[in-house]
Amino acid sequence: MSQNPKTLFQKIWDNHVVAEEPGAPAVLYIDLHLVHEVTSPQAFSVLKERGLKVLRPDRTVATMDHSIPTKGGYEAADEMGRIQLRLLEANAIAHGVRIYGLNSVQRGIVHVIGPEQGFTQPGMTIVCGDSHTSTHGAFGSLGFGIGTSEVGHVLATQCLLQRKARTCEVRVDGALRPGVTAKDIILAVLAKIGVGGGTGHVFEYTGSAIRALDMEGRMTVCNMSIEGGARAGMVAPDDKTFNYVAGREFAPKGAAWDQAVARWRQLPTDQGASYDKTVTLDAHSLEPMVTFGTNPGQGVAITQPLPLPSSLADAAERAGLEKSLAYMKFEAGKPILGQPVDVVFLGSCTNSRLVDLRAAAHLLRGRKVASSVKMMVVPGSQSVKQAAEAEGLDKIFKEAGADWREAGCSMCIAMNGDQLSPGQLAVSTSNRNFEGRQGKGGRTVLASPLTAVATAVAGCIADPRVLLNGGQS
Amino acid sequence: MSAPKFTTLTARCVVLANNDVDTDQIIPARFLKVTDKLGLGEKLFCDWRYHDDGSPNPAFILNQAEAKGAQILVAGNNFGCGSSREHAPWALVGWGFQAVISPMFADIFKGNSLKNGLIPVVIQPAAHAALLAARAKNHDLPVTVDLRASTVAWPGQDPISFPIDPFSRACLLDGVDELGYLQKFAGQAQAYEARHA
Ligand code: SF4
């Protein structure tokens, strides 16, 4: 046991403090700054007003993901979207920042391409004007979302003013049962702690169930840390992490790789280090999870009845549950299984990587999307799309009747024209079920890719374990 | 553009006490295509504030007479959760709010608010309940947010201290620009880079 045991978070923090004045937040060095079209225009404007340049264009990467079309063709849905995309392009060129633009064959959702291209590495501080920057913590980095003012700070100084967060260990032990996935783990964590439960904290996910996840699964879990109020979620790096990073375009090579891995091996939390709090979950007892309300903490096991407002003692919580159920047009106490669904969305930075598409396609093979359901499959990046097509996954989706699209955020945030109509119910593999998130008046149930496929086939919310057992659902 | 300043404010308030109001409700994503900060106040709480045909929803608080001229929002627990969009405080400030009072704010929203002169006032649930009760009795209840003292008060209530990051507080009181402050560390940042090259 080391003399001064530290957590993974503490190590990365200590390693990045540039300065700290009494009474002021730490000046934290940022290794990687990811930029997208929606949250950067006003930050670049500040640089322009002050005659500043991007200090480290080599540590800055821009991508277009939120407003881009997924139907092929390269026209954004509307004039404002077009202006925003063109502005990002112009800003990137003016400042010498690498950009994955509309014509890039590697473009995609910022939190998919960061790891995919090897930008995301263990031990780094990573920020983006985007709350799901927590995704990158899956690699044992400290990734968190910032506001646009802070985007300007990082562009101009490569530093950020930060107060140190508290730490919360989220320990998940036990083996997942068939049909239960990383998405179900995180939805269960959120159902347990609520959407504010992690406020002020950074999560570190530990335990045998987390170690057993592949990198994609760890990204799914870390991605939704912000849905629990934690700005960052982390997993200690291990051989799986190093194997994922190895050989990617921007990963260290040769002797630099060996040195990096030696450094990265020092990152995991020391024995004896303590967290400010701990939450535990038994993976083996989990079932597929779905949300039923209008925030990601309102989730239940798919076989369970919806909660009764009368079971809540707190008046504000009761009112919140009633309001959510009314918006969703769901009835308290009734099962959620069997609710007819209009749209199934497979995509977003939570669940749009190759392994997600593979798992979904495997379950869908030889089956059909119900005639009442419109299913959209949106790969997380063009690289994912190409790899999926090389394996023939696109054919499985298309033959089943699903729509196979170009990469982007798409219906996760409904800024590009892909959206629900008022009243429509979607099962979505994305991360937010807020009112109108997928289109004004739309209703969203969050679930895993497996549950999404089972639902698409059945035409109503369905348990994927039935299909896995060979049933026709 | 100068840094926002704030010292003290006495103003009427409006109540939106739902818990877990997310930034997608404060300003829906379809309004994030702007390249400046203008006009967002008109879209604040858009999907609660307007019917589908664009007409104001009279049941929503901001469309009621009592909201006119209010500068303080009394919100529920975990206000501003979800997306990191700074458009949320831009929209609140654009409407005319200068402070939000809640038992708890989401972290990113709180940071973004402080950078825009919107004071996130955190008070205990009991004080929050007392404020709601006082406001229910008097729709014109004047509430005072004093940043120098870091207190909030209303008639019949002694000033209650609220926690606020001392650095952010000093920046707001003196109009200090955070980017300017950060730039002073350029030499140290360079030395850091040299050490970690
Ligand atoms: S996929 Fe959704 S959550 Fe992820 S970055 Fe895009 S809009 Fe945000």
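The values are calculated or read from the model by the stated rules, or taken from the named source; none is laboratory data. Everything numeric in this text was worked out from a predicted model, so none of it was measured. Note that each Cβ is placed from the backbone with ideal geometry, even for glycine, and that neighbours are counted across all protein chains shown. Note: areas computed on protein heavy atoms with side chains; ligands, DNA, RNA excluded. Shrake-Rupley method; radii C 1.70, N 1.55, O 1.52, S 1.80 Å.
Rounded to the nearest 20 Debye, what is the dipole magnitude of segment A:59-150 about its Cα centre when Lys and Arg each give +1 and Asp and Glu each give -1 at the C-beta?
220
Please list, ordered by chain and number, the residues whose modelled amide H lies under 5 Å from the amide H of A:Met64; skip anything fewer than 5 residues away on the same chain.
Those qualifying (amide H under 5 Å, at least 5 residues apart or on another chain) are A:Tyr100, A:Gly108.
Ordering A:Tyr327, A:Tyr205 by how much accessible area each has at a 1.4 Å probe, largest first, what is the list?
Greatest to least solvent exposure: A:Tyr327, A:Tyr205.
Taking amide H positions as placed in the peptide plane 1.01 Å from N, state which residues far from A:Leu420 in sequence (5 or more) or on other chains have amide H under 5 Å from it.
A:Gly439
Given all pairs of different Cα atoms, what value in angstroms does the Kirkwood hydrodynamic radius of segment A:37-189 take?
Final number for the Kirkwood radius of segment A:37-189 is 17.3 Å.
With N residues in chain B, what two-decimal value do you get for its Cα radius of gyration over 2.2 N^0.38 Å?
Here the answer is 1.10, to two decimals.
Helix A:79-95 versus the longest principal axis of chain A: what is the Cα-based angle in degrees, 0 to 90, to the nearest 10?
Value to nearest ten degrees: 30.
Share of antiparallel DSSP beta bridges in segment B:64-197, in percent to the nearest 5?
Taking every DSSP beta bridge within segment B:64-197, about 45 percent pair in antiparallel fashion.
Regarding segment B:156-197, what's the average projected area of the Cα-atom convex hull, expressed in nm²? It would help to have the intermediate numbers written out before the result.
Details: hull surface 18.1 nm².
Over every viewing direction, the Cα hull of segment B:156-197 projects on average to 4.5 nm².
Apply the Karplus parameterisation 6.51 cos²θ - 1.76 cosθ + 1.60, with θ equal to phi minus 60°, to every residue of segment B:110-124 and state each ³J(HN,Hα) to the nearest whole Hz, in sequence, with x for glycine and proline.
Taking θ as phi minus 60°, the curve returns 4, x, 4, 5, 4, 6, 10, x, 9, 7, x, 9, 9, 10, 4 Hz for segment B:110-124.
Can you give the accessible area per residue of segment A:68-216, in Å², using a 1.4 Å probe?
Per-residue accessible area for segment A:68-216 comes out at 28 Å².
So, with a 1.4 angstrom probe, what is the percent of accessible area on chain A that is carbon and sulfur?
Taking all protein chains in place, chain A shows 51 percent carbon and sulfur surface.
Within a Cβ distance under 9 Å of A:Asn351, other residues only, what is the Lys/Arg minus Asp/Glu net charge? Could you put the intermediate results ahead of the total?
Numbers: positive: A:Lys183, A:Arg353; negative: A:Glu216, A:Asp356.
The answer is 0.
Could you tell me the distance between the Cα centroids of segment B:47-71 and segment A:225-277, to the nearest Å?
48
For segment A:14-84, just run the numbers: alpha carbon Rg, then divide by 2.2 N^0.38 Å, N being how many residues it has.
Values: Rg = 16.9 Å, N = 71, 2.2 N^0.38 = 11.1 Å.
Expressed relative to 2.2 N^0.38 Å, the Cα Rg reads 1.52.
Among the residues of segment A:415-432, which ones have their accessible area go down by 50 Å² or more when all the protein chains sit together, as opposed to their chain alone (1.4 Å probe)?
Checking the loss per residue gives A:Met415.
Using amide H atoms built 1.01 Å from N in the peptide plane, name the residues 5+ places from B:Asn18, or on other chains, whose amide H lies under 5 Å from its own.
Counting only residues 5 or more places away or on other chains, the set is B:Gly76.
Tell me whether the protein assembly as shown comes out rounded, prolate or oblate; compute the Cα gyration tensor, take square roots of the eigenvalues as a ≥ b ≥ c, and use a/c under 1.5 as the rounded threshold.
rounded
Go through B:Trp154, B:Trp95 and list them by solvent-accessible area, largest first, probe radius 1.4 Å. Show your work: numbers first, answer last.
Values: B:Trp154 15, B:Trp95 60 Å².
Listed by decreasing accessible area, they come as B:Trp95, B:Trp154.
I'd like the interface area for chains B and A: accessible area of each alone minus the complex, both sides summed, 1.4 Å probe, protein heavy atoms only. What is it in Å² to the nearest 100?
Using a 1.4 Å probe on protein heavy atoms, the buried area is about 4700 Å².
Over 5 Å intervals from 0, what percent of Cα-Cα pairs in segment B:125-197 sits in each interval?
Calculated P(r), rounded to whole percents: 3, 13, 16, 13, 11, 10, 9, 7, 6, 5, 4, 2, 0.
Specify the inter-centroid distance of segment B:136-168 and segment A:281-311, based on alpha-carbon positions, in whole Å.
Each part's Cα centre sits 39 Å from the other's.
Over what distance in Å are the Cα centres of segment B:99-129 and segment A:1-68 separated?
Their Cα centres are 24 Å away from one another.
Can you give the FRET efficiency to the nearest 0.05 for B:Ser161 and B:Glu193, using r as the Cβ-Cβ distance and R₀ = 41 Å? Intermediate results must be reported in sequence, preceding the final value.
Values: r = 41 Å, r/R0 = 1.00.
The value I calculate is 0.50.
Against the longest principal axis of chain A, how steep is helix A:182-193, in degrees 0 to 90 to the nearest 10, with axes from Cα atoms?
The helix A:182-193 is inclined about 90 degrees to chain A.
With +1 on each Lys and Arg Cβ and -1 on each Asp and Glu Cβ, and nothing else charged, work out how big the dipole of chain A is about its Cα centre, in Debye to the nearest 20. Walk me through the intermediate numbers first.
Details: 47 positive and 45 negative charges, 47 e Å.
Roughly 220 debye, rounded to the nearest 20.
Over chain B, what percent of the accessible surface lies on carbon and sulfur atoms, probe 1.4 Å? Intermediate results must be reported in sequence, preceding the final value.
Working: 4230 of 7910 Å².
Heavy-atom surface of chain B belonging to carbon and sulfur, 1.4 Å probe: 53 percent.
Pairing the Cα long axis of helix A:354-364 with the longest principal axis of chain A, what angle in degrees results, from 0 to 90 and rounded to the nearest 10?
Taking the Cα atoms of chain A, the angle to A:354-364 is about 10 degrees.
Between A:Thr278 and A:Ser311, what length in nm is gained on full extension when 0.36 nm per residue of separation is reduced by their alpha carbon distance?
9.3 nm
Would you work out which of A:Ile336, A:Gly293, A:Ser45 lies farthest towards the positive end of the dipole of chain A, given +1 charges on the beta-carbon of Lys and Arg and -1 on that of Asp and Glu, about the Cα centre?
Looking along the dipole axis, the top candidate is A:Ile336.
Please work out whether segment B:1-44 counts as rounded, prolate or oblate from its C-alpha gyration tensor, where a ≥ b ≥ c are the square roots of the eigenvalues and a/c under 1.5 means rounded, while otherwise a/b larger than b/c means prolate and anything else oblate?
Oblate shape, in that a/c is at least 1.5 and b/c is the bigger or equal ratio.
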